[in-house]
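The values are calculated or read from the model by the stated rules, or taken from the named source; none is laboratory data. Worth saying up front: this structure is predicted, and the values here are computed from it rather than measured. Here the Cβ positions follow ideal geometry from the backbone for every residue, glycine too, while neighbour counts run over all protein chains shown. For the accessible areas, the whole protein counts, side chains as well, though only heavy atoms, and no ligand, DNA or RNA atoms are used. Shrake-Rupley method; radii C 1.70, N 1.55, O 1.52, S 1.80 Å.
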Amino acid sequence: MIIQKQKSLEEILKSLEGVQKVFLAGCADCATACKVGGTEELVEMKARLEAAGKTVTGTAVFDTACQQGAVRMKARENEAALAAADDIVCFACGTGSQTLQETLEKRTHPGAESMFVGQVHRLGKYSEKCATCGKCVLDRYEGICPVTRCAKGLLNGPCGGYKNGKCEVDPEKDCAWVLIYKEMEKRGKLDKMRKFEPAKDQSARHTPRAYVWPKRTPPPSQGAKS
Amino acid sequence: MSKLQQSLDAGHFTFTGEVGPPKGVDLTHVIEGAEAMKDKVAAINVTDIQTAVMRLGSLAVSAKLVERGMEPVFQMVCRDRNRLALQSDLLSAAVFGIENVLSITGDHIVKGDHREAKPVYDLDSVQLLKAMTTLEGGADMGKDFKGRPNKLEGAPKFFKGCVVTPCADFVEPQILKLEKKVAAGAQFCQTQAVYDPAAFETFMNEVRRRNITIPIMVGIVVVKGLGMAKYMNENVPGVVVPEAMMKELSETPKESAKAKAVEISARLIRAMKPMCQGAHIMPLGWDSLVPKIVDASA
Ligand code: SF4
Ligand code: SF4
């Protein structure tokens with residue numbers, strides 16, 4: 001999911017300079033799971049913004065703020081409150097914020113930081129495993145992603161910076177290459193370590209990315225071609 | 001052919017030195033340092049934005065050395081440039097008359113003085129070596145619209161180097177990667193600092209058992225004192241200053257620090273000379289010691 005944290009009240013108020021009436025939007029998906037934009041958080045944020053002198057015309061937790069259909073539906077239920085507001089503050093990811101602004105044609109301020117696509121170990125503990133590079137190479141590394149989990153994204157083996165299995169960048173984090181090596185060794189796949197891996201095709205990461213099905217159904221697997 | 005390559009090819013035990021470009025445009029010290037060591041070494045490495053601390057570029061200083069009749073080893077880290085800039089700088093190096101190039105991953109940005117910068121690492125050190133080999137073959141890494149390699153108007157020629165950390169606490173992946181570097185075109189190797197000849201011997205035996213035959217130059221980082229040794233032990237992965245040497249340093253008065261640095265460096269080189277093909281001396285600013293170390297290690 002998209003791992004997030006709330007922005008500070010000061011930052012939100014700075015963004016809202018000159019704006020009096022706001023509508024608070026949350027999201028039932030990632031933002032709720034990260035305790036950033038669920039029902040509870042919106043109630044609390046409403047009180048804090050009102051204490052800071054703002055008028056909150058309404059709140060709503062969207063069923064995924066990044067989905068235009070769901071946004072339209074929820075907006076219909078909150079038509080009056082939305083119309084009464086000057087702007088929206090979105091307590092969900094940056095895609096959610098922009099989806100709301102674009103779909104509802106109302107200036108939307110970010111209420112959260114979108115940090116990464118991450119794994120949830122438990123509530124409050126998240127880590128990044130995939131940088132959505134668009135060309136997955138997990139098959140070549142025994143299921144451990146060097147693109148994301150090696151701080152330098154090295155594809156042909158480790159740098160000289162690991163110590164006790166930890167990365168030079170942060171002694172709290174495992175060196176991905178020590179993990180990959182040990183996994184390959186365990187599975188008798190060390191030969192894979194010897195294979196030259198060419199420079200990554202970074203074109204699949206050129207932003208802004210978009211993906212459109214040619215028809216209204218998912219395209220067949222393109223595995224045969226590549 | 002570069003002097004460095006000739007010397008290694010001829011089977012001579014070969015020395016290289018190292019200078020670090022300044023933060024700024026005053027070349028006085030870096031040129032002085034290079035001048036001080038030039039007669040005793042085959043070539044002088046020029047570090048590339050070392051430890052991610054912003055400085056004058058390795059390419060510019062390497063070119064300045066060539067201009068003054070000295071031979072540089074142009075170090076290239078993968079941290080700051082994408083494949084377009086790396087290949088372009090390689091071509092630039094060639095037109096400046098720079099032949100020796102060294103492919104390095106590069107310390108992460110968190111180690112330096114611009115910690116908010118974006119790390120690049122578009123290529124890794126193995127892919128960079130491969131890129132050098134490709135350029136030498138008259139093409140670049142790109143493709144034209146028909147999927148054919150782009151042809152160069154004049155191909156460069158390099159003497160391509162790589163690095164390895166022989167005293168890493170888990171050395172096997174280092175050796176495997178060294179094999180890949182050689183396969184990608186590496187012709188010589190300079191190692192991370194070694195202070196323990198016994199550990200280096202184990203490493204070299206393994207290297208030779210794997211039929212890695214490129215010349216290996218052992219890395220000698222000049223120890224300036226106990227503080228630096230402690231710092232390296234705690235903070236530099238793959239660098240281990242043994243207990244006995246720590247004791248020796250603790251008993252060295254400040255005024256004899258330079259003499260001690262020469263003594264230790266020369267002793268290490270003498271001990272490891274039979275195991276490898278040369279020594280890469282990194283004086284970290286104590287550049288005038290390099291000739292003394294070379295003489296004392298004879
Ligand atoms: S290679 Fe890594 S970053 Fe790319 S898609 Fe696979 S897991 Fe994600
Ligand atoms: S220490 Fe390991 S994880 Fe960290 S940058 Fe080096 S190879 Fe990558």
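Are any of the residues in the range A:54-62 more than 30 Å from residue A:128 (Cα to Cα) and of a type in the set (D, E, K, R)? Looking for residues that are more than 30 Å from residue A:128 (Cα to Cα) and of a type in the set (D, E, K, R), one finds at least one in the range A:54-62, hence yes.
Taking helices (runs of 4 or more DSSP H) as the structural unit, those lying wholly within the range A:4-53 and holding at least 2 residues that are within 17 Å of residue A:82 (Cα to Cα) and either among the basic types (Lys, Arg) or open to solvent by less than 50 Å² (accessible area, probe 1.4 Å) (or both) correspond to A:39-51. In the range B:19-37, the residues that are closer than 16 Å to residue B:293 by Cβ form Cβ pairs under 6 Å with partners that are of a type in the set (A, V, I, L, M, F, W, C) and part of a helix (DSSP H, G or I), at six or more places apart or across chains, as follows: B:19/B:30; B:19/B:34; B:34/B:65; B:37/B:290. If you check B:285, B:185 for being within 17 Å of the chain's Cα centre (by Cα) and within 27 Å of residue A:175 (Cβ to Cβ), only one passes: B:185.
Among the residues of the range B:219-244, count how many are touching a residue at least 60 places away in the same chain (Cβ under 8 Å), among the β-branched types (Val, Ile, Thr) and within 16 Å of ligand 2 (Cβ to nearest atom).
The qualifying residues number 1.
Which of the residues belonging to the range A:128-149 are surrounded by 13 or more Cβ atoms within 10 Å (Cβ to Cβ) and in contact with a strand residue (DSSP E or B) (Cβ under 8 Å, 6 or more places away or on another chain)? Correct list: A:128, A:129, A:130, A:131, A:148, A:149. In the range B:83-141, the qualifying residues are those that are over 18 Å from residue A:202 (Cα atoms) and hydroxyl-bearing (Ser, Thr, Tyr), and the one that is nearest to the other protein chains (Cβ to nearest Cβ) is B:105.
In the range B:177-191, the residue that is most open to solvent (accessible area, probe 1.4 Å) out of those that are of a type outside the set (Gly, Ala, Ser) and facing chain A (nearest Cβ under 8 Å) is B:179. With the condition kept exactly as written, say whether any residue in the range B:41-49 is of a type in the set (Ser, Thr, Tyr) and closer than 25 Å to residue B:122 by Cα. Scanning the range B:41-49, I find at least one residue that is of a type in the set (Ser, Thr, Tyr) and closer than 25 Å to residue B:122 by Cα, so the answer is yes. Among the residues that make up the range A:190-200, is at least one of them within 16 Å of ligand 1 (Cβ to nearest atom), at pLDDT 95 or above and over 30 Å from residue B:193 (Cα atoms)? Yes, the range A:190-200 contains a residue that is within 16 Å of ligand 1 (Cβ to nearest atom), at pLDDT 95 or above and over 30 Å from residue B:193 (Cα atoms).
When the residues of the range A:164-177 are filtered to those that are open to solvent by 10 Å² or more (accessible area, probe 1.4 Å) and closer than 25 Å to residue B:182 by Cβ, the one that is farthest from ligand 2 (Cβ to nearest atom) is A:168. Listed by position, the helices (runs of 4 or more DSSP H) enclosed by the range B:195-261 that each have at least 2 residues that are β-branched (Val, Ile, Thr) are B:197-209.
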